[in-house]
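Novice: Starting off with a structure, shown below.
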Amino acid sequence: MATKPKPNIELINPALVEHARKRAESVQNRIADRITEFAGSMRFVYLHILWFGCWIGFRVEHYPYGLLTMIVSLEAIFLSTFVMISQNRADVKREVLANQQWSTVQDEDTQNEELLRLSRQILDLTQQVHQYAAARSNGDESSTTTTTVKTDDAAA
């Protein structure tokens with residue numbers, strides 16, 4: 001009944017690393033994580049097949065297996081609770097990621113606004129340089145504001 005060990009997935013996202021560190025501080029969380037990890041594995045299934053087979057095969061009790069039914073019912077209650085705990089844990093992880101992504105989007109939006117502002121400044125400066133160069137090529141060396149008026153007049 002040897003199974004491959006669960007691959008140790010290394011968390012890279014800093015928000016998830018911090019979340020996992022905080023979660024691991026609680027003994028209750030570590031216990032719940034271990035139980036849900038085991039209950040969601042094929043080892044759990046094989047163990048139950050073996051257990052039910054032995055229970056029935058060794059005639060621990062007679063049909064309709066009242067004690068076995070009660071034990072399995074109690075186990076189902078606890079396992080459903082651990083499934084909900086696992087779902088809550090996954091929801092918290094998704095929330096942590098969503099918050100980090102939102103923060104990143106906000107930072108990128110600020111950077112984009114700054115880039116747009118700088119691009120507009122570069123465009124304005126480029127237009128002024130072109131106006132100045134056009135005025136110089138026409139032989140007029142006056143200020144750029146008068147150059148704009150003169151080039152507009154010449155175009156008309």
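Novice: Tell me, what is the percent relative contact order of region 1-119, built from C-alpha pairs under 8 Å that lie six or more residues apart?
Specialist: Contact order relative to length: 38 percent.
Novice: If I model a spin label at Glu108 and Gln28 as a point 7 Å from the Cα along the Cα→Cβ vector, what separation in nanometres do I get?
Specialist: Computed distance between label sites Glu108 and Gln28 equals 3.8 nm.
Novice: Then there's this: Label Gln87 and Phe52 with points 7 Å out from Cα along Cα→Cβ: what is the distance between them in nm?
Specialist: 2.3 nm
Novice: Give me the percent of the accessible area of region 1-121 that comes from carbon and sulfur atoms, probe 1.4 Å, all protein chains in place. Each step should come with its number before you reach the end.
Specialist: Details: 6170 of 9830 Å².
Heavy-atom surface of region 1-121 belonging to carbon and sulfur, 1.4 Å probe: 63 percent.
The values are calculated or read from the model by the stated rules, or taken from the named source; none is laboratory data. For clarity, every value in this text was computed on a predicted model and none was experimentally measured. Here the Cβ is made from the backbone with ideal geometry for all residues, glycine too, and neighbour counts use every protein chain on show. Calculation scope for accessible area: heavy atoms of the full protein, side chains included, ligands and nucleic acids excluded. Shrake-Rupley method; radii C 1.70, N 1.55, O 1.52, S 1.80 Å.
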